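Student: Before anything else, here's the structure in question.
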Amino acid sequence: MLKTPIFYWRIFCRHRSSISIAAQNIENVSSMFNNNIKSYDEVPGPKPLPIIGNSWRFLPIIGEYKLEEIDILSRALNQQYGDIVKIGGILGRPDMVFLYDADQIEKIFRGEDVLPFRPSMPSLNYYKHTLRKEFFGDTCGVIAVHGQKWLEFRSKVQQPVLQPRIVKLYVEEIEETANSFVSRIEKQLDGNNEVGSDFLNEIHLWSLESIARVALDVRLGCLDDVITNEDTQLFIDAVNTFFKNVGVLELKIPFWKVFNTPTWKTYVNSLDTITNVTMKYVTAALKKQNQMKDSTTKNNLSLLQRVLALDPGNPKLATTLALDMFLVGIDTTSAAVASILYQLSQHQEVQKILHNEIRSVLPNFNDKLTMEKIENLTYLKAVIKETLRMYPVVLGNGRTLTNETEILGYRIPKGVQIVFQHYVMSNSDRYFKNANEFKPERWLKSNQEKPHPFASLPFGFGKRMCLGRRFAELEIQTIITKVIQNFHIDYKHEKLSYSVQPMYLPKGNLNFTFTKRDSESDDTSGRS
Ligand code: HEM
């Protein structure tokens with residue numbers, strides 16, 4: 001069936017929309033007068049067959065393109081065809097052009113117009129714009145939203161969400177959540193100091209708890225031994241159900257478009273629950289804000305209070321923002337943390353340097369984290385960047401052209417979806433010397449060889465850049481600091497390979513071994 005091409009695109013587009021949008025005017029006028037420009041038909045790529053085009057390549061059994069192995073496929077296409085590859089002739093969807101050239105990607109990003117176009121995640125798009133239209137109206141958020149509605153929403157919330165000054169207000173709460181995670185690990189260790197096979201779910205709980213602190217000003221208690229708050233259990237279940245079903249709706253034949261499939265109903269229920277619980281907390285915050293007027297200084301207003309103030313008396317804007325943060329901020333951050341911990345378990349020398357850095361910045365276990373201290377954890381930041389270089393959780397990002405554009409000597413028509421192949425570029429020696437080596441040092445200031453700024457872009461770029469980036473960084477920096485400060489981490493099982501799930505992360509049980517460090521220990525003590 002002709003479903004698979006769409007699957008393929010959506011995997012790239014995952015992050016429920018990360019695949020962005022965009023548009024640019026680059027050189028499109030001058031190109032009209034340049035006779036050397038080749039036509040779109042000449043762009044290299046797998047040749048489509050009559051009628052079925054290239055769709056068959058994505059079919060199970062007979063097709064050679066496997067969605068879970070897009071990493072391998074993308075590299076193979078690059079080797080076979082070069083820096084620009086057309087995947088055209090896919091029934092029911094626009095052509096895709098894969099791009100492997102960082103200079104060209106930079107041009108496209110820098111030429112973005114005011115309304116970068118994001119081909120949206122259809123299931124969420126339908127939920128927001130049709131099924132629950134009455135609730136969302138024109139305040140639909142940014143995920144699965146484009147055009148003027150996207151611009152209006154993003155312009156309102158962008159400043160508070162991305163401002164370092166505001167992110168700084170959350171250091172203590174994010175640290176508290178990380179401490180709860182550490183305590184929970186301790187309680188879950190078996191006789192061999194190993195955590196259970198469902199450790200990724202533990203990371204998800206931490207991530208949900210952290211985002212709730214930011215988006216709702218609430219301590220949900222996801223990491224408590226016993227969850228007593230009914231809403232919290234409801235919320236955890238709904239978030240899990242959402243993640244379980246969104247992949248099915250986005251990646252399999254979209255029967256839900258024709259009738260209410262059980263998956264669709266479950267998915268809608270989960271979204272309704274997340275929206276309702278979110279609305280409940282936001283409304284409570286609004287009430288509290290009204291009662292406490294003037295008691296908080298303007299500088300200390302939380303993100304939620306600031307967003308509430310943007311639309312006085314109305315909880316809709318803040319609810320929608322929180323909803324979007326939950327929908328795209330949990331599994332991305334969780335995947336990144338899982339991947340970083342795995343890499344640290346595989347690179348003991350890196351873990352040792354990192355631990356020594358953490359010990360020098362936080363000599364005592366009880367030392368509180370501050371933004372200034374985080375600033376000094378330069379090796380930690382390099383470890384995070386290096387993991388996201390080699391294993392970006394969102395494999396590729398992209399933009400749909402809104403104008404005819406010259407790309408690498410070819411005239412590419414409006415409407416084509418350009419997919420930036422960051423995974424391949426950031427793992428190529430062309431952009432990173434000895435690219436297959438895990439070397440955080442390459443990101444340190446002392447390194448003379450500066451990487452191309454558009455070869456590794458884990459959070460995207462430009463007007464639609466990740467809205468939660470600063471919070472994601474704070475969360476990841478804090479959790480890794482706390483875990484490595486407390487434990488030596490090992491992975492004593494067969495090496496894991498990475499796959500698209502649809503976040504890109506190690507495939508298999510993450511039953512790490514956590515060996516408690518004592519406060520005086522250097523990195524090697526406490527190891528079995
Ligand atoms: C490691 C963690 C994360 C990664 C790697 C990541 C990556 C991305 C990427 C690649 C995009 C697309 C950017 C573009 O098109 O240029 C994106 C968009 C977005 N991200 Fe993240 N993200 C992460 C965490 C988060 C978190 C924690 C939140 C919220 C708290 C968040 C909220 C968003 C939103 C709302 C958008 C859509 C922005 C728009 O379309 O205007 N992300 N993210």
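The values are calculated or read from the model by the stated rules, or taken from the named source; none is laboratory data. None of the values given here were measured: they were computed from a predicted structure. Every residue, glycine as well, gets a Cβ built from its backbone with ideal geometry; the counts of neighbours run over all protein chains shown.
Student: From the set of residues in region 380-405 that are more than 16 Å from the ligand (Cβ to nearest atom) and surrounded by fewer than 20 Cβ atoms within 10 Å (Cβ to Cβ), which is farthest from the chain's Cα centre (by Cα)?
Tutor: E404
Student: Scan region 256-272 and report the pairs whose first residue is more than 11 Å from N245 (Cα to Cα) and whose second residue is surrounded by 14 or more Cβ atoms within 10 Å (Cβ to Cβ) and among the charged types (D, E, K, R), with Cβ atoms within less than 8 Å and a gap of 6+ or a chain change.
Tutor: D272/R132
Student: Would you be able to say whether some residue in region 127-141 is more than 19 Å from T319 (Cβ to Cβ), assigned to a helix (DSSP H, G or I) and touching a residue at least 12 places away in the same chain (Cβ under 8 Å)?
Tutor: no
Student: Also, I was wondering about something else. What helices (runs of 4 or more DSSP H), lying completely within region 143-230, carry at least 2 residues that are in contact with an Asp or Glu (Cβ under 9 Å, 6 or more places away or on another chain) and not hydrophobic (A, V, I, L, M, F, W, C)?
Tutor: Passing ranges, in order: 147-162, 171-188, 199-216.
Student: Would you check if there is a residue in region 267-275 being over 15 Å from R132 (Cβ atoms) and assigned by TED's automatic domain parsing to the domain that holds Q305?
Tutor: no
Student: On the basis of being more than 25 Å from V307 (Cβ to Cβ) and within 16 Å of the ligand (Cβ to nearest atom), does L200 make the cut?
Tutor: yes
Student: Out of T405, T481, which single residue is over 28 Å from E112 (Cβ atoms) and either in contact with a Gly (Cβ under 8 Å, 6 or more places away or on another chain) or of a type in the set (S, T, Y) (or both)?
Tutor: T481
Student: Among the basic types (K, R) and modelled with pLDDT under 85 - does that describe any residue in region 100-115?
Tutor: The answer is no, given that none of the residues of region 100-115 is among the basic types (K, R) and modelled with pLDDT under 85.
Student: Right, next: Those residues that are in contact with a helix residue (DSSP H, G or I) (Cβ under 6 Å, 6 or more places away or on another chain) and either within 16 Å of the ligand (Cβ to nearest atom) or farther than 18 Å from T273 by Cβ (or both), I need them from region 306-316; list them, please.
Tutor: R306, V307, L308, L310, D311
Student: Anything in region 160-191 that is closer than 23 Å to P315 by Cα and within 13 Å of the ligand (Cβ to nearest atom)? List them, or say none.
Tutor: Across region 160-191, the qualifying residues are P160, V161, L162, I166, V167, Y170.
Student: Within region 459-482, take every residue that is buried (at least 22 other Cβ atoms within 10 Å of the Cβ) and more than 18 Å from V167 (Cα to Cα) and give me the one that is nearest to the ligand (Cβ to nearest atom).
Tutor: Among those that are buried (at least 22 other Cβ atoms within 10 Å of the Cβ) and more than 18 Å from V167 (Cα to Cα), it is G460.
Student: Something else now. Determine whether region 283-301 contains at least one residue that is closer than 29 Å to M121 by Cβ and under 24 Å from the mean Cα position of the chain (by Cα).
Tutor: Checking region 283-301: not a single residue is closer than 29 Å to M121 by Cβ and under 24 Å from the mean Cα position of the chain (by Cα).
Student: Can you pull out the residues in region 406-450 that are modelled with pLDDT of 95 or more, crowded, with 22+ Cβ neighbours inside 10 Å and farther than 26 Å from A382 by Cα?
Tutor: Hits for region 406-450 are I407, I412.
Student: Being farther than 24 Å from E176 by Cβ, away from the ligand (no atom under 16 Å from the Cβ) and not basic (K, R) is the filter here; which residues of region 340-377 pass it?
Tutor: S345, Q346, H347, Q348, E349, V350, Q351, I353, N356 - these are the residues of region 340-377 that are farther than 24 Å from E176 by Cβ, away from the ligand (no atom under 16 Å from the Cβ) and not basic (K, R).
Student: I need every pair where a residue in region 462-486 that is closer than 21 Å to K352 by Cα has its Cβ under 9 Å from the Cβ of a residue that is near the ligand (Cβ under 6 Å from one of its atoms), sequence separation at least 6 or different chains.
Tutor: Cβ pairs passing all conditions: I476/T333; I476/A336; I479/T333.
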